[in-house]
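S.K.: Pasting a structure here, questions to come.
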Amino acid sequence: MGIAYMMKKHRRHNKAVHKSSLKEFLHQPGTPPGTIIIDENAEQPNIVLIDYNRANLVNKKLQQPEDCFQYLDTESVSWVDVQGLGNRDIIQRLGQVFDLHPLVLEDVVNMAERPKVEDYEDQLVIIARMVVPNINNHSFHSEQVSFVLGKYYLLTIQEEPEYDCFQSVRNRIEKGKGIIRRQSADYLAYSLLDAIIDGFFPVLELYGERLEELEEEVIFNPNQHTLQQIYQIRRELLQLRRAIWPQRDAINTLIRDGSELISEEVRIYLRDCYDHTVQVMDMVETYRELASGLMDVYLSAVGNKMNEIMKLLTVVSAIFIPLTFIAGIYGMNFNTEKSPFNMPELNWYWGYPFCLGLMALIAVVLLFIFWRRGWLSNSFHIK
């Protein structure tokens, strides 16, 4: 009863949180296509430009979206990273600068969007989901990242600047490591997608450690907090599965469907990225099975603990039943003067010690019998 009630309570809580989060981003029925709805709590956008080729590098923060114009027509790779979605005017002006379709702007600001790939002839739109470990509560932060890939530029739009897994790519560009400075914008898009997929592994490592700790707790000291932790991990792993599953399909689309913006060389790199997504999916499924197994182990451990308690109480009751019988007999008020058969032992000199000794002897004999049959094992070692 208690376990079922707690699981229903957590399920209602998670549904309420999920519904409230969807209300913030999903449109009302009948909303015209291309409508931009900005969350009032969203961060103000920061626009960071990284323009590079083999010899030159420009890295600066832009004040206005229109400042991008002078870099978009050059043959150098221009990465425009927008961090934050709290300004409708800036988002609409970005759409004008990059000539984005209204439906693309709608997908960018809709944080409940499913990862996908859409081809707009001279632009390739990629919606991905990025996860970053949250060490404070042993969980993860998830946010949507939108890519708009052109021939010489890449526009990325993130929910907020605080959480980001692109720093390794920025360092490679700034220091000229690897081949990224010699490649086009499609290779930059691959590098960022690869960084997003690789960001799942630290999160999964964190869940692996949590599952190991819970495994020991379930075996040695299962309690209600253990049940809450297992159920929470199962819910969070389900969120990870929902994030990585369509992301695999999106990357597979980039590999399978031909696009002039993705070169054959980059498609080869995307195959490796696809392999990583499959590996992440396998790990997520494995951890989900482990969490489900821990739930079964928890229920078994609680049941075994209850059985041991009942076993101990049964042993104690079995010992006291004959003792209570003897005490009940000698508690009857028979008059020994009326008949010599009315409990003559009440007049014995050693009658009381004899009664206590008999009770002790019966208890010892019963304990010996229980021990010989193995009924006392683990009964007196309950934590």
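The values are calculated or read from the model by the stated rules, or taken from the named source; none is laboratory data. Note that the coordinates shown come from a computational prediction; the quantities given were computed from them, not determined experimentally. Quick reminder, even Gly has a Cβ in these numbers, built from the backbone with ideal geometry, and neighbours come from all protein chains shown.
S.K.: Of all residues in region 144-203 being of a type in the set (Ser, Thr, Tyr) and in a helix (DSSP H, G or I), which is modelled with the lowest pLDDT?
M.R.: Per the criteria, the residue is SER168.
S.K.: Among the residues of region 103-122 satisfying the criterion of being crowded, with 16+ Cβ neighbours inside 10 Å and among the hydrophobic types (A, V, I, L, M, F, W, C), which is modelled with the lowest pLDDT?
M.R.: MET111
S.K.: Still on this structure, please answer the following. How many residues are of a type in the set (Asp, Glu) and touching a residue at least 40 places away in the same chain (Cβ under 8 Å) if we restrict to region 266-319?
M.R.: Count: 3.
S.K.: Okay, next question. Going by the conditions given, is ASN59 in contact with a Ser or Thr (Cβ under 6 Å, 6 or more places away or on another chain), farther than 23 Å from LEU105 by Cβ, assigned by TED's automatic domain parsing to the domain that holds ARG170 and at pLDDT 90 or above?
M.R.: Criteria not met by ASN59.
S.K.: Under the condition of being within 30 Å of THR286 (Cβ to Cβ) and touching a helix residue (DSSP H, G or I) at 6+ places or on another chain (Cβ under 6 Å), which residue from region 174-191 is surrounded by the fewest Cβ atoms within 10 Å (Cβ to Cβ)? Show your work before the answer.
M.R.: Kept after step one, since they are within 30 Å of THR286 (Cβ to Cβ), are these residues of region 174-191: 189-191.
Right, trim to touching a helix residue (DSSP H, G or I) at 6+ places or on another chain (Cβ under 6 Å) and you get 190-191.
Working: TYR190: 25, SER191: 23.
It comes out as SER191.
S.K.: Six or more apart or on different chains, Cβ under 7 Å: which pairs go from a residue in region 320-346 that's surrounded by 13 or more Cβ atoms within 10 Å (Cβ to Cβ) and assigned to a helix (DSSP H, G or I) to one that's aliphatic (A, V, I, L, M) and at pLDDT 80 or above? Could you list them?
M.R.: As it stands, the answer is PRO322/ILE362; LEU323/MET359; LEU323/ILE362; LEU323/ALA363; ILE326/LEU358; ILE326/MET359, since those pairs meet every condition given.
S.K.: So ARG256 clears everything in (1) touching a residue at least 24 places away in the same chain (Cβ under 8 Å); (2) among the basic types (Lys, Arg); (3) farther than 17 Å from GLY208 by Cβ except one condition, right? Which one?
M.R.: Against the list (1) touching a residue at least 24 places away in the same chain (Cβ under 8 Å); (2) among the basic types (Lys, Arg); (3) farther than 17 Å from GLY208 by Cβ, ARG256 comes up short only on (1).
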